[in-house]
Structures are given as C-alpha cells and as structure tokens.
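Everything on this sheet refers to the single structure shown next.
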Ligand SMILES: Nc1ncnc2c1ncn2[C@@H]1O[C@H](COP(=O)(O)OP(=O)(O)OP(=O)(O)O)[C@@H](O)[C@H]1O
Ligand SMILES: [Mg+2]
C-alpha cells in the first residue's frame, strides 16, 4: 500500500515525544473510541427578527471509526449540523457528546482547546493560508500546539508524503491544483491526530476525477487510522464510499442507514 497509513498512525502515536509535548498521543487515548451523540438538539438562526429553524429535535448517534455522510438538499441543515459537531457553533438546546466529552459543559477556552486537539476540518474551499507553503500549512497546527521542531519536521514530512505531496512541500496554495490543495488540507486536518475529521462538501470544488481521488485518499486514511470521518455531501461518489448515510430534510433527520443494512 503506497500510503502506508497504518504505519503512519502507529509510528506517529508511538513513543518518541518530548515530555510535556501537548501533541503526543498516548496509546490509551487512541485506543478508546467514542461515538458522536446528539440528543434533543435544536438550532435556530435569527435573521431580521425572523426565527429560522435550522435543526429541530435532532437525536443522532454517529458511530466511531466510520465514514459517515450527511446528505440532504440545499438548506436542509447539513452545514449547521457539521458546525455543531465541530464545536464551531453551539446549539440552542440539547446535549452533544464528541470524543467522549459533553461539549456544552465546557467553557469557551476549554472548547477551543478541545477543538484544536481532537477535531480536524476539511473545507470546500480548502481554507489554506495563502502566504504559507504546503509544508507550513500542515505544520501550522503543530506550531500552535508547541510541538518540538524535530518532531514537527518528522510528522509534517511524513504526512505530506502520505498524501502524495512530498515533492510539492515548498509550493504555496496559489501554485497548486484544487486536488493538491485539498490534499494539503487533509494532511493539515490529520496533523494533530484528531478523533473526528469533519468535512463540509469536500469535493464540491473539484473535478470528478480529482474528487474521486480525494475520496479514495480519505477512505484509506479512515480505514487505516482510528478516526471518524463525517462529511456533508450530495456527491454520489461520496455517498457510495460511505459506511453510514444520515439523510436530513428541513432540519430533521429523515433516515440513518448504516453500512451492512444497505442492499
Ligand atoms: N447565518 C445564518 N443566518 C440565518 N439563517 C441561516 C444561516 N445559516 C444558515 N441559515 C439557514 O439555516 C438553514 C440550514 O442551512 P445550512 O447552511 O445548514 O444548509 P445546508 O444543508 O448546508 O445547505 P447547502 O447544501 O446549500 O450548503 C437554511 O434555511 C439556511 O437558510
Ligand atoms: Mg452547506
């Protein structure tokens, strides 16, 4: 296997981290896996004094270490749901468990640390820092985490190799194709070895062939590493690759189909 993800996860989560390195991942932390659990979640937006219900009475369990796709029409609430799970936004009511933590019991500071340590994000428009190279974009979350330079170098190099960008490390986003940018974004999302990676329509800005490659890459990472992938998409290729499909309509769960239940 060209990517060798299992060895990446093994070696990256193994020993060799400096004492006090906040990025180091103890074996026991990775060994424990948790579902994402939403209970009685409601979210409204207020727009010109009008209440827009975006999510209503959401009860949902997203199983760990799987590739879950949230699917639904435009305006159905996919982005809102991902933003809640990603702790980018808070629900108006209900409880949310992510990576074993009840997130609404945390202070804003705790929540932002939790988000940085345990969650990874891949966006439709890549959201890379344009002035930084591919290498620096992947390195950035590790710098923020005060990881020792030697460990950082090793990890960034390995990640860029794993996503097939070893030869492009010095390029800035403006000098890369869409698919290459999304690979950088995936490497960056993986840098701190999150429990959950969230992606809002990650293939929407890619051509069909590149989109397929990116899905393959994410699928490979998901299968070999202990990480839950949660995507929103109406891309048939993404749905096909999913283990589980959550369909939403008008802010409500329509169905949850788990892999194995599908014909
Ligand atoms: N910031 C906001 N202010 C007001 N209403 C909003 C806001 N963001 C989303 N909404 C509304 O909430 C509902 C859900 O929006 P959301 O963006 O979650 O849908 P979506 O399924 O991601 O759609 P798309 O496929 O077009 O991305 C929609 O009715 C939308 O108009
Ligand atoms: Mg959306």
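Sum -39500 (n - 2.57) across every DSSP H segment of at least 4 residues in the chain, then divide by the residue count to get the 222 nm mean residue ellipticity, nearest 500.
Counting only the DSSP helices, I get -10500 deg cm²/dmol.
Can you give the FRET efficiency for residue 39 and residue 88, using 1/(1 + (r/R0)^6), R0 = 30 Å, r = Cβ-Cβ distance, to the nearest 0.05?
Efficiency computed from Cβ-Cβ geometry: 0.95.
How tilted is helix 178-190 with respect to the longest principal axis of the chain? Cα atoms for both, answer in degrees (0 to 90, nearest 10).
It works out to around 90 degrees.
Helix 208-224 against the longest principal axis of the chain: what's the angle in degrees, Cα atoms only, rounded to the nearest 10?
That helix lies at roughly 80 degrees to the long axis.
Please report the relative contact order for the chain, taking Cα pairs under 8 Å with a sequence separation of at least 6, and give it as a percent rounded to a whole number.
So the answer I get is 28 percent.
Determine the relative contact order of the range 92-232: mean sequence separation of Cα pairs under 8 Å and six or more apart, normalised by residue count, in whole percent.
Relative contact order for the range 92-232 comes out at 31 percent.
Relative to the first principal axis of the alpha-carbon coordinates of the chain, what is the inclination of helix 134-144, with its axis defined by its Cα atoms, in degrees from 0 to 90 and to the nearest 10?
80
Can you give me the Rg/Rh ratio for the range 85-222, using Cα atoms for both radii and the Kirkwood formula for Rh?
0.99
Relative contact order for the range 30-71 using alpha-carbon pairs under 8 Å, separation at least 6, rounded to a whole percent?
43
Find how many whole Å separate the alpha carbon centroid of the range 219-256 from the alpha carbon centroid of the range 151-209.
With the range 151-209 and the range 219-256 each reduced to a Cα centre, they are spaced 20 Å.
How big is the antiparallel share of DSSP beta bridges in the chain, given as a percent to the nearest 5?
Antiparallel bridges: around 55 percent, rounded to the nearest 5.
Tell me the Kirkwood radius of the chain: reciprocal of the mean inverse pair distance over distinct alpha-carbon atoms, in Å.
Answer for the chain: a Kirkwood hydrodynamic radius of 18.9 Å.
Readers should treat all values here as calculations from the given coordinates under stated rules, not as data from a laboratory. From a predicted model like this one, the values you see are computed outputs, not experimental measurements. For neighbour counting, all protein chains shown are included, and Cβ atoms are generated from backbone atoms with ideal geometry for every residue, glycine included.
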